Every structure is written in structure tokens, then in C-alpha cells.
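Engineer: Could you have a look at this structure, given as C-alpha cells, before my questions?
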Amino acid sequence: MQELNESDALKDARKKFELVEKETLKSSEVVKQKIEELSDHMKKMVHEIQKTEAGKKMTEAGEEALKQARKAAEQIEKVAEKVGDTEVYKHVSTSMKTVKDEIDSIADVRMYSRPGKIMAF
């Protein structure tokens, strides 16, 4: 085993591996630095755009759109709650359950449901 570790071919392979490893490390550092530079540049651009009148308007429009989306979601939630509380919904829901149970009993088809506990044999 000692002879194999000291062979010229293995020594050359180790040197090449170390060289590739160093180059890869250098490349990844360069890529990391370039990404950081790009990120900083983008932040500066966004900041400069926000200073302009058009940028201010876009920011305000975005904020307003988010407010409107939140309001719409709240309204939908309220309506869904009201629908769920109505007698019609409860009646339809009960009827659908009855139909499902009837179909299951006729066709002996059931939806898969996860077992509560898996038993090991």
C-alpha cells in the first residue's frame, strides 16, 4: 500500500486535484463577489428610482394594490363565512353527503383515507 501512495501517478493526480480545487475556489469567490456587486447595484437603482416622481407613484400604486387585495380577501372570507352559516348550504352539504354515502353503498367504492395508525407485522 505504501508503494501505491508514493507512486508518481498518484502524486500527479493529487497535484492536479489540488490545482482544480484551488481554481474552483477562486472561481466561486469571483462569482460570489460579482453577485454581491450586482445586488448592490440593483439596490442603488431601486433607491434612485424611488426618488423620482414616477418611482414614487409606482411605489404608491403597489402599496394601494396590496391594500385592495387585503380588503378583497377579507370580504371573500366574510362572504364565505356567511354562506357556510346558511341553512341552504347546510342542507346542500348534508344532501351531498347522503348522495356520496348512497353511491358508496351501491358501488362499494370508497375514497382512500390515510389510516390512523400503521400497524407493523
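Engineer: At a Cα cut-off below 19 Å, give the lysines reachable from Lys100, other chains included and same-chain residues fewer than 8 away excluded.
Structural biologist: Output for Lys100: Lys90.
Engineer: Scale the Cα Rg of region 1-102 by the rule-of-thumb value 2.2 N^0.38 Å and send over the ratio, two decimals.
Structural biologist: Against the empirical 2.2 N^0.38 Å value, I get 2.55 for region 1-102.
Engineer: Could you tell me the distance between the Cα centroids of region 39-66 and region 73-104, to the nearest Å?
Structural biologist: For region 39-66 versus region 73-104, the Cα centre distance is 44 Å.
Engineer: Stokes-Einstein diffusion coefficient for region 7-51 at 37 °C in a medium of 0.692 mPa s, Rh from the Kirkwood formula over Cα pairs: what value in µm²/s?
Structural biologist: So the translational diffusion coefficient is about 249 µm²/s.
Engineer: Under a straight-distance cross-link criterion of Cα-Cα below 19 Å, which lysines are reachable from Lys51, leaving out those fewer than 8 residues away in the same chain?
Structural biologist: Lys43
Engineer: I would also like to ask the following. Straight-line reach from Lys11: which lysines have a Cα under 18 Å away, not including same-chain ones fewer than 8 places off?
Structural biologist: Lys22
Every number here is computed from the coordinates shown, using simple stated rules; none is lab data. None of these values were measured; they are calculated from a predicted model.
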